[in-house]
1. Only one of T144, T138, T109 is in the same structural domain as H248 (by TED's automatic domain parsing), touching a Cys at 6+ places or on another chain (Cβ under 7 Å) and either surrounded by 21 or more Cβ atoms within 10 Å (Cβ to Cβ) or of a type outside the set (A, V, I, L, M, F, W, C) (or both); which?
2. Kindly indicate which of T505, T421 is more than 22 Å from the chain's Cα centre (by Cα), polar (S, T, N, Q) and assigned to a strand (DSSP E or B).
3. Among the candidates R166, R195, single out the residue that is in contact (Cβ under 8 Å) with a residue 40 or more places away in the chain and part of a loop (DSSP other than H, G, I, E, B).
4. Inspect the stretch 193-210 for any residue being surrounded by fewer than 17 Cβ atoms within 10 Å (Cβ to Cβ), of a type in the set (K, R) and within 28 Å of P79 (Cβ to Cβ) and give the result as yes or no.
5. Just to be sure, is G39 at pLDDT below 95 and closer than 26 Å to I328 by Cβ?
6. When the residues of the stretch 404-414 are narrowed to those that are assigned to a loop (DSSP other than H, G, I, E, B) and surrounded by fewer than 16 Cβ atoms within 10 Å (Cβ to Cβ), which ends up modelled with the lowest pLDDT?
7. Determine if the stretch 182-192 includes at least one residue that is loosely packed, with under 15 Cβ neighbours inside 10 Å, small (G, A, S) and part of a helix (DSSP H, G or I).
8. Tell me which residues, restricted to the stretch 371-403, are in a strand (DSSP E or B) and either modelled with pLDDT under 95 or surrounded by fewer than 24 Cβ atoms within 10 Å (Cβ to Cβ) (or both).
Amino acid sequence: MKKFFSIWAVLFPLILPAQNVVRMLPEDSIRYNRMIFGGFIEHFDTQVYGGIYDPGSRFSDEDGFRTDVIDAIRELKTPIVRWPGGCFVSTYHWMDGVGKDRVPVYDKTWQVEDSNAFGTDEYIKWCRKVGCEPYICTNAGTGTPEEMSDWVEYCNLTVGKFGRMRAENGHPEPYNVKYWSIGNENWGAHELGARTISEWGPLVRESAKLMRSVTKDIRLFAAAQSNKDWTMPLLKAAGQHLEYVSIHGYWDPLFHYNNPASFEKCMSKTDAPEQDIRRTIEILEEAGFGGGRIKIAYDEWNLRNWHHPWHGDLRRGFVLEDRRKNDINSTYTMADALFSACFLNACLRHSDIVEIACFSPIVNTRGALFVHEGGVLKRTTYYVLHMYANLLEDHVAPVSTAFESLVFEDQSTGVLDVILTANAGKDRFVYAIVNKDSSRTVPLELDLSMSARKVRTLEGAVLSGYSADDYNDVGAENRVVPEKYMFRVRDGRVDIPPHSLCFITVETR
């Protein structure tokens, strides 16, 4: 007997399962920010060198950028990419990565040498080619508030020492970088330059003051948690200077041992991101920054944490070759795809407060794209991001839902996860629906009240594969790809295939 099952199927095996229903509510829809579909890149393993930047590749352009990677990210319409870390940034000094004479440095975070060939100027040029907003995370570990503000000056001014430095480096026009984060996970003992609760708020406050003295209208983030003990003192000390709190989430902890959780176990975790969002909203409200005064940026997220054995255990040291295990393509199954869809649904349900999210990372390691010498492989998560970026409408319509439960071990979750989006004219609606059951087709009663005609079929797209453990690999790139699908409607219900992400379109005309 499989462990993951519908509780209704066990209690009432001879009758129809509990009805799964979605109903549109009369409240106004919310236009969400497409920054929710952002990405992240860090100087870790082959994400930058051998990933987005590979001057020796036959696929690279005159600047050393992989054009196949650029094309694939453009298809995602990726609106923003955070860089250069991540843990890497807490020992990174940006001036080492600009100018003609780049000196390789030892990266104390990941304990490898970084050539500094890819720095601020290359990152901005790459962002321009991709068509995304740059989002720079600053060094609040071994760096200083002044170093952070100097970086803003280099990017945004035409005067002063650092504005002139950029011009002398061949870039006379300011970059006008709008998005800046103060620090990365400085709450964690794993971070070099970690801070205490009492240290963090004042450091963020003084850094923000210096950075805004350079560019008044930048958008500032600070490393936070969905944890009141850390984030409340931060907000009391520095909340008036911030537009966002930056929170991170990885729910399959594979730091030291690369033993990915099963499909069933992954599905049992799908409610966790929304729980984190709700806790963070409660903290913002209690601190007096609710109602969108400060918003949430989930600027690192993925189902599975990166595998980097013994990171933080400095006496033991790293097992560097084991980082290759992050790029075992068979890891990235429909579990990763459906968890990612549930994550995005959670962000969209709270899009009045969650404004930015960055899939971590976008390339290699646990990335949506696997870059190799012969080309680019699009993993299951790539197609999730592609569907959300290209098939949804621009407004989230509020709905009420009732779903039967799935139970795995001691955890329960709804068998389905559903959002409804609409265009501005309310004449086109798109459902995004996740079926978390690995083997059972689940009937769903849709709200079709927006349609003036009797609906017998609905057009859509399905991402599924033959089994819940299907994945894409080099030489088998198209095992799991979205397919057009015609949904038959019976008594207002449609059948949602097992282990699938379904987009269903309803037009009112």
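1. Only one candidate qualifies: T109.
2. So the residue among T505, T421 that is more than 22 Å from the chain's Cα centre (by Cα), polar (S, T, N, Q) and assigned to a strand (DSSP E or B) is T505.
3. R195
4. No, that holds for no residue.
5. Here the answer is no, as G39 does not meet what is asked.
6. Here the residue is D410.
7. There is no residue in the stretch 182-192 that is loosely packed, with under 15 Cβ neighbours inside 10 Å, small (G, A, S) and part of a helix (DSSP H, G or I).
8. H372, G375, V376, L377, K378, H395, V396, A397, V399, S400, T401, A402
The values are calculated or read from the model by the stated rules, or taken from the named source; none is laboratory data. Given the structure is predicted, the values throughout are model-derived calculations rather than measurements. Quick reminder, even Gly has a Cβ in these numbers, built from the backbone with ideal geometry, and neighbours come from all protein chains shown.
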